[in-house]
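Notes follow the structure.
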Amino acid sequence: MLLEELHKREYLDTIFNQYEELTKDQPELTSEIFIFERMVSKRVKKILKKSGQLDDVERKDLKEVIHFSSIAFTEGSLVAALRLDYCNRCGWCCENCSPIYITKKEYEEYESSDKVMIAEIKPFEEGYKFAEDRPCEHFIRKTKKCDIYNERPDVCKAFPILIKNENEYLFRPNQNCKYAVEFVVQKAITEITTCLKIREDPNFLKDLEKLLDKQIPAKEDNLDDRVKKWNKIADDLDGSLD
Ligand code: SF4
Ligand code: SF4
């Protein structure tokens with residue numbers, strides 16, 4: 001199988017099994033992911049056809065890569081975070097997400113803000129959240145804009161990646177979000193091109209490991225720095241995949 005050029009089968013099976021378990025508790029996920037992966041698959045095939053690589057990938061490999069890319073979120077997945085060009089500014093996230101989580105640090109910054117009123121923020125779990133969401137009270141429906149854009153919380157900057165804890169992220173496939181679809185399309189293309197490259201040149205894997213060893217972001221880096229560093233790795237990787 002193509003993905004085994006880069007990942008151990010044991011790791012892949014763990015990811016697939018964990019997902020199977022999750023769908024037992026959330027059965028609606030099965031149909032959501034089916035539609036999502038169909039959207040991703042169309043885009044991936046189109047891109048591979050254009051680059052002349054579609055015939056190099058077997059159908060069952062393509063299916064596995066797309067499923068893996070849709071459900072496995074690794075730290076390296078942050079390569080696509082803050083890729084604002086993937087977002088079509090539809091506003092679905094601002095109208096439908098709940099809760100809109102605010103960290104303690106963000107709350108402290110909002111205390112001196114003249115745009116974000118702390119009276120509109122409530123304690124929530126370990127931190128805070130906006131009192132009104134679905135839609136968020138800062139969403140201007142007419143213009144589909146955020147009235148606190150430059151001060152919006154990290155959860156908004158990172159969406160469709162979800163911040164679970166500080167420096168811990170999750171991704172949930174979301175067919176309503178063009179960014180989410182494009183994010184997985186790009187992940188799948190990177191997986192495929194990397195695996196094909198390793199198949200053709202076994203030394204490529206060693207070079208890739210060296211590249212990752214040198215540049216992986218530190219635990220204490222904030223979201224913006226981690227994303228910048230991962231995007232730099234992705235650019236270097238793209239350069240070596242040409
Ligand atoms: S704060 Fe702004 S970006 Fe975040 S959900 Fe509200 S409107 Fe959207
Ligand atoms: S739902 Fe996705 S595409 Fe739409 S505004 Fe939010 S991040 Fe962008």
(request) For region 191-200, take each phi angle, set θ = phi - 60°, evaluate the Karplus expression 6.51 cos²θ - 1.76 cosθ + 1.60, and give the result in whole Hz per residue in order, putting x for glycine and proline. (result) 4, 5, 5, 5, 5, 5, 5, 5, 4, 7
(request) Determine the gain in length on full extension of the stretch Asp61-Lys210; use 0.36 nm per residue of separation and subtract their C-alpha separation, reporting nm with one decimal. (result) 51.0 nm
(request) Pop out the ³J(HN,Hα) list for region 224-230 in order, Karplus 6.51 cos²θ - 1.76 cosθ + 1.60 with θ = phi - 60°, rounded to Hz; leave Gly and Pro as x. (result) 4, 5, 5, 5, 4, 5, 5
(request) Assign one of three labels to region 107-171, namely rounded, prolate or oblate, based on the Cα gyration tensor with a ≥ b ≥ c the square roots of its eigenvalues; rounded applies when a/c is under 1.5, prolate when it is not and a/b is larger than b/c, and oblate otherwise. (result) oblate
(message) Helix-only mean residue ellipticity at 222 nm, the chain, DSSP H runs n ≥ 4 weighted -39,500 (n - 2.57), per residue, nearest 500. What is it?
(response) -17000 deg cm²/dmol
(request) Grab the alpha carbons of the chain, take their convex hull, and tell me the volume per residue in Å³. (result) 143
(request) Report the longest stretch of the chain that contains none of the GluC sites (Glu not before Pro) sitting in a DSSP loop with at most 12 other Cβ atoms within 10 Å. (result) 127-219
(request) Estimate the FRET efficiency between Arg141 and Ala119 by the formula 1/(1 + (r/R0)^6), using the beta-carbon distance for r and 22 Å for R0, to the nearest 0.05. (result) 0.50
(message) Below 13 angstrom from the Cβ of Ile33, what's the summed charge of the other residues (Lys, Arg +1; Asp, Glu -1)?
(response) -1
(message) Relative contact order of the chain, please, whole-number percent, based on alpha carbon pairs below 8 angstrom and at least 6 residues apart.
(response) 27
(message) Going by amide H atoms built from the backbone, whose H comes under 5 Å of the H on Ile100, apart from near neighbours?
(response) Phe130
(message) Using the basic label-point model (7 angstrom from Cα toward the beta carbon), what is the Thr23 to Asp236 distance in nanometres?
(response) 3.7
(message) If I model a spin label as a point 7 Å beyond the Cα along the Cα-Cβ vector, how far apart are those points for Glu151 and Ile15 in nm?
(response) 4.0
(request) With springs connecting C-alpha atoms under 10 Å apart, model the chain as a Gaussian network and identify which of Ser112, Ser98, Ser70 has the largest mean-square fluctuation. (result) Ser112
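FYI, it's all coordinate maths here, none of it is from the lab. These figures come from a predicted structure and were not determined experimentally. Virtual Cβ from ideal backbone geometry, glycine too; neighbours counted across all protein chains shown.
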